[in-house]
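Read the figures in this text as sums done on the coordinates, not as results from a lab. What you see is a predicted model, and the numbers here were worked out from it, not measured in a lab. Every residue, glycine as well, gets a Cβ built from its backbone with ideal geometry; the counts of neighbours run over all protein chains shown.
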Amino acid sequence: MEHIGYLAFQRKQWEKAVDSYARELALYPDTSWVYEAMAHAQNNIGHKQEAKETLRKRLAMSEGEFAATNLLAQLLMTDAENAEAMPVTRVAELS
């Protein structure tokens, strides 16, 4: 299933990628990289809130993971959620 999501992601078929990643996470919720890929796809179809929640779930698994932390900080700053973005940004700098 992860291959379907990956192929959809590579082809910029964002909704298909999100659906595939959601199925993957339902079966294997500890597959940490899928959260980050899913958040990118969610963001690319304009679902920023969902992307932020997906990244928060990812970071709850392994706080300080650079790519996920950096993307979450970018999304928060884009949406002017600076109160949450600042601590996230500090974690990204330390990673």
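Using the count of nearby Cβ atoms within 10 Å as a rough guide to exposure, how do THR69, THR31, THR78 rank from fewest to most?
Values: THR69 23, THR31 14, THR78 11.
Listing THR69, THR31, THR78 from fewest to most nearby Cβ atoms yields THR78, THR31, THR69.
Can you sort HIS47, HIS40, HIS3 so the residue with the fewest Cβ neighbours within 10 Å comes first? Before the final figure, lay out the partial values.
Values: HIS47 17, HIS40 20, HIS3 9.
Sorted ascending by nearby Cβ count, the order is HIS3, HIS47, HIS40.
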